[in-house]
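Here the structure comes first, spelled out in structure tokens, and everything after it is commentary.
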Amino acid sequence: KMTQQMRDLQLAHARKPPGPSSPNAAKRLYRNLSGKFRVNYTSFDEGSLVGRGEKEKLRKSYLFQSNAALFEAVELQDLDRVQEMLKHYSPEELDLNTPNSEGLLPLDIAIMTNNTPIARALLQAGAKESPHFVSLESRSLHLSTLVREAEQRVNELMAQVVNEAPNADCSEKEKQLKAWEWRFRLYKRMKAGFEHARVPDAPSSVHLSVASSSSLQVTFWEPLSVNSAVVTKYKVEWSCSPTFTPLLGEAVIDKLKDLHFTIQGLVSGTAYHIRVSAYNMKGWGPPQVSMPPFAIPSNWREYDGRAPRRRGQAEALDHLLGQVKTVHQHCICHEPCKNQPQSRKHSVSKSLKHLFHPGSKFLKTLKRGLYLAAIFYKDDNILVTHEDQIPVVEIDDTYSCLLMQDFLWLTKVSCMWDEILWLRQCVTVSQSSCSCILQTRFKMLLAISQMQGLLGIQDLGQVFFEPIKDKQGNILIITLKEVKTNQTFESVRWVPICKLQTSRKSVSSPEEPTALDTLLISVQDKLAYHQRSSHALSAGLYLGYLKLCSAVDQIRVLVPEQLPNILCHVKIRSNPNISREEWEWLQKMASMEEPLPTEPEADRSQNPLFQELQVGIKELMTLVNIPLQEAKDFRLYSQEVLDFGDQVSFLLLLPPSDDVCTAPGQNNPYTPRSGFLTLPLQIFELGEER
């Protein structure tokens, strides 16, 4: 019999016995499990157990309890309990895809009782159907056998209860009778659910897009019908023929967290037809053809054979730096390098304990000059010196104003903290006779070296985009670095930021705060900026807005506060690739100088990119507070698509030529709403690279 075959198979694989056989027993087990199982066996110390054998026995005991409790929660149709277990325990801890002694998995019970919410929760967690049901007939036979055996057991127990006199054994048999009656009703409900189910309808929609010159992306949605059983997997098929004869390939998707699939290894320039069908316990349903019905793998670069802009740039810069170092290798300025290893070792060995050494060279107060402050933070704590001060060193005490070019030069130096000693020695050879600009930059390198030596850390992090200035003539340049590792530092105390702010005694008036006071007041804003500037965009195609404004000594670019390393933008779609056909359409629109698509047009309603741009432009104009009618004079940058890696790409929206960059004193009629800031262009470029 089918049931006997199942049980023989379970015994051959040393499967465990069934769990509690009644609802009350299941509830008791689950209550016990919620307290016991959370004390995971991995938290026990080796010394607290007699040996590995006992530890393994304890592990199997917890796994058995979790698996049995999950089965009972599914049988009781307790969605909250199932979701809680799936949230707290991994599929391995729950033994999610291990059949019970009846050859059933939790997902089998959920779909045959037509409990769609529980079935979907199990599918999201990676649950599978039992592999033993190889056909509809085998499933039907197995369910009939379970119903018949449960009914037989109920009849046997009922006869025993009726014929026996009331005693302790009779009371136990009554409990068994109730449990088997409950299980008999469960099996009948499962059998009825299977018999009344039908194959699923076709997926409600299938969207096809070009992912690259050798791949297509298929996105699909589950069938709309609610009368069939739960869909447990999908099949994607592709062919060069609209009749799908012959098939070139197919893929079965049983991980249903995201309903999409990328077909790889296709031939560029070849048209492929796609269709998708759904599966449930009654079999495969009819296929749904994609929209559009076919697509051709391609990339916008194929339009004119253009190579990626950044290909080989990093390698070329490394090679150039190596050549420069080789030229300066035997220069007299590098004679002190012979002592470098010893001094560096001495500096590193002292590590951060200099922060608490009474003779440290960190400054407590500022005296009209140029200074460097280093902020290291972890969670809500900040690193301070022995005097509870943010580490500050002097750059130049005779420097009354900071030229923007010197500051921007320092931000570029921050990309090569490891080369500070080498750079400093290169400048030393001629600094006595050079201009004051080179002398200032040499002093900057000297201050950086001093900070690195005192902290015992080379990487000082990212330079904040704007120095702090006060009315006393002080200028404070700030570097920011987040410490993410669990690295421990000798004799170092992390101080909560709020405590540092409240405990510091200000030496200035509220009307004219010093640069250090201003730093403490605004330190949380600066940390927030630093964290946001390292965030990355999710994969997709974006529409960006380029707006510049110029000053006497710099050009600044408009960026959102929440993501200051990226232009103002909206996401157009999740697929970052622009196909050759889409790029040809954009080029045609640019050559004809057609207005941007801000209003619907019937003859273009079938162009997906047109519709996506239409929605994106409206969102972007609202974001930057520009009336939609003004967007008709805007234009798309048609020279290239800006690719940031393989997963993020940008189309640029440009104002009219005269308005791309606002000149000093020029009125900007459309001021963006709050949530934006302007960064120096060079700072923005560095942040984009990071």
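The values are calculated or read from the model by the stated rules, or taken from the named source; none is laboratory data. Bear in mind that the values here come from a model prediction, so they are computed numbers and not experimental data. Using ideal geometry, Cβ is built from the backbone for each residue, glycine included, and neighbour counts are taken over all protein chains shown. All accessible areas refer to the heavy atoms of the entire protein, side chains included, with ligands and DNA or RNA removed. Shrake-Rupley method; radii C 1.70, N 1.55, O 1.52, S 1.80 Å.
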Exercise for the section: Output the helices (runs of 4 or more DSSP H) that fall wholly within segment 90-202 and possess 3 or more residues being assigned by the TED database to the domain that holds Ala69 and open to solvent by 80 Å² or more (accessible area, probe 1.4 Å), or say none. Expected result: 136-163, 168-196
Exercise for the section: Would you mind telling me which numbered condition in (1) in contact (Cβ under 8 Å) with a residue 60 or more places away in the chain; (2) under 37 Å from the mean Cα position of the chain (by Cα) Lys175 fails? Expected result: (2)
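Every residue, every condition in (1) out of contact with any Ser or Thr (no Cβ under 6 Å at 6 or more places or on another chain); (2) modelled with pLDDT under 85; (3) closer than 21 Å to Lys364 by Cα, yes or no:
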position: Gln431; (1), (2), (3): yes, yes, no
position: Ile437; (1), (2), (3): yes, yes, no
position: Ala447; (1), (2), (3): yes, no, yes
position: Gly456; (1), (2), (3): no, yes, yes
position: Asn474; (1), (2), (3): yes, no, yes
position: Ser491; (1), (2), (3): yes, yes, yes
position: Val495; (1), (2), (3): yes, no, yes
position: Arg504; (1), (2), (3): yes, yes, yes
Fill in the blank from the handout: Scanning segment 203-236 for residues that are of a type in the set (A, V, I, L, M, F, W, C) and open to solvent by 50 Å² or more (accessible area, probe 1.4 Å), the one modelled with the lowest pLDDT turns out to be Val226
Exercise for the section: Count, please, the residues in segment 269-280 that happen to be surrounded by 15 or more Cβ atoms within 10 Å (Cβ to Cβ) and over 19 Å from Leu224 (Cβ atoms). Expected result: 3
Handout entry: Members of segment 76-85 found to be surrounded by fewer than 21 Cβ atoms within 10 Å (Cβ to Cβ) and part of a helix (DSSP H, G or I), listed by number
Key = Leu79, Asp80, Arg81, Gln83, Glu84
Practice task
Considering each residue of segment 360-380, count those that are open to solvent by 10 Å² or more (accessible area, probe 1.4 Å), farther than 15 Å from Leu460 by Cβ and not hydroxyl-bearing (Ser, Thr, Tyr), and give that number.
Solution key: 9
Practice task
For segment 662-674, state whether one or more residues are at pLDDT 85 or above and under 30 Å from Cys415 (Cβ atoms).
Solution key: no
Exercise for the section: Working only within segment 522-567, note down all residues that are of a type in the set (Lys, Arg), buried (at least 19 other Cβ atoms within 10 Å of the Cβ) and not in a strand (DSSP E or B). Expected result: Lys547
Exercise for the section: Filter segment 597-621 for residues that are modelled with pLDDT under 70 and either part of a helix (DSSP H, G or I) or surrounded by fewer than 18 Cβ atoms within 10 Å (Cβ to Cβ) (or both) and give the result. Expected result: Thr598, Glu599, Pro600, Glu601, Ala602, Asp603, Arg604, Ser605, Gln606
Fill in the blank from the handout: Quick count over segment 579-596, residues being in contact with a Ser or Thr (Cβ under 7 Å, 6 or more places away or on another chain), open to solvent by less than 30 Å² (accessible area, probe 1.4 Å) and more than 25 Å from Asp659 (Cβ to Cβ), is 1
Practice task
Show the residue pairs that are 6+ apart or on different chains and have beta-carbon atoms under 6 Å apart, the first residue being within segment 515-528 and polar (S, T, N, Q), the second being surrounded by 15 or more Cβ atoms within 10 Å (Cβ to Cβ).
Solution key: Thr518/Ile468
